[in-house]
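Working notes for the structure below.
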Amino acid sequence: METAALALISVIITVYNGARYLAAAIESVLAQTYQPVELVVVDDGSDDGSEKIAGGFLPALRHFYYPHEGMGGARNRAVALAEGSFLAFLDADDLFPSDRLERQMAKFTRDPALEVVYGHVREFVSPDLDEMSAKRLRAAAKRIRGRLPGAMLIRREAFLRVGLFDTTLKVGVGLDWAARASERQLRNVMVPEIVMERRLHSDNNALRQKESRNQYVQVLKSAIDRRRATRRT
Amino acid sequence: MSSARFRINEPHVLHQTIDNEAVIINLDTGNYYSLLKSGADVWSAVERGAGISEIVAALARKYKAAEKVLEDSVVKFVEQLQTEGLIEALHEANDSDNPPTAHEETSAAPQGPFEPPVLEKYEDMQDLILLDPIHEVDEEKGWPHARRPGKPDPKP
């Protein structure tokens, strides 16, 4: 007897000058126990060799290179290119545990009415850092509930119902999207397992820039406004 | 009246006043807040470095209310802002210090009725905020970059 075809998951990696950890991110997707997986890598105009690294994995992934646009725009391009009926997002410096998609997909199998499955996130200080840089970083002691794009497996239709990523933001792209998703009250469940390993590595903090801080506040101001509007109607 | 001054608890707190609404984020707890009307007035006075008496004076110029009522409201509200970790009291200023205030708008806006300041608090995105700000975009260095500055671990 023929077994029913399993649903195709598109995993989306967008990268902009993230050559350093890109190979590890890609490998963590290729090592998933769930199949079939389509890995879509959208390079947002890198000039640091990211393109060559992703290209080296062909034909195990689909690779696209565009002029620089920003994280939101790059992710939206990738969504348009993705052919799977389920979507997952991975930042080019983070990792998926190998059983992640299998665990999350098992929830959809058990309850086909689900629209999104979230999971937990664990942070780690990147082992390649020198002692000084590593000291400045502190990984959260506990796993964190992850409702951000990087921790979810979502049905494509549900994703599109929430809408695309905001292309005007430099910061808070994921926060903005997740805030809109929470307002749609998608039928969801959160698995207790770790579904994403977040690498802490940079001594850079974009929130030091005033413009970025303001933009981050504006993302939440918009969320507050939408909440008030909903309450009134 | 107390001459205590306050500072906004930056960089743990992000804030911006947009359309007369102060929106404040506590990055350590993941809570975010909205202040309107007299609440936003208190916040902007704190931002300018005003002490309690100057905050009260600023409100008195704008609202019709007994000074005692204003003062009680301000004291209570400032305490609340401290409890939420949004501002902290500075050590008592020396008498010789010039208060860095009195540069606020002097427009003789008609006085309106006073409503005590309200701190609107939102806790629904704690997990998102605790994860998000450290994992950011920097157009110069490429993205994403993750960093957790030395700050307390998020609550479970």
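The values are calculated or read from the model by the stated rules, or taken from the named source; none is laboratory data. Everything numeric in this text was worked out from a predicted model, so none of it was measured. In this analysis, Cβ positions are derived from the backbone assuming ideal geometry, glycine residues included, and neighbour counts consider all displayed protein chains.
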field: Pair list, Cβ < 9 Å and 6+ apart or interchain, from the range B:1-18 residues that are closer than 11 Å to B:Val46 by Cβ to residues that are of a type in the set (Asp, Glu) and modelled with pLDDT of 90 or more
entry: B:Arg5/B:Glu54; B:Phe6/B:Glu88; B:Arg7/B:Glu88; B:Ile8/B:Glu47; B:Ile8/B:Glu88; B:Asn9/B:Glu88; B:His15/B:Glu47
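To keep it simple, each residue is scored yes or no on (1) modelled with pLDDT under 90; (2) surrounded by fewer than 18 Cβ atoms within 10 Å (Cβ to Cβ); (3) of a type outside the set (Val, Ile, Thr).
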residue: A:Arg75; (1), (2), (3): no, no, yes
residue: A:Glu102; (1), (2), (3): no, yes, yes
residue: A:Lys107; (1), (2), (3): no, no, yes
residue: A:Ala113; (1), (2), (3): no, yes, yes
residue: A:Val121; (1), (2), (3): no, no, no
residue: A:Lys170; (1), (2), (3): yes, no, yes
message: Quick check on the range A:208-220. Is at least one of its residues at the interface with chain B (Cβ under 9 Å from one of its Cβ atoms), within 16 Å of the chain's Cα centre (by Cα) and either surrounded by fewer than 20 Cβ atoms within 10 Å (Cβ to Cβ) or more than 23 Å from A:Val116 (Cβ to Cβ) (or both)?
response: no
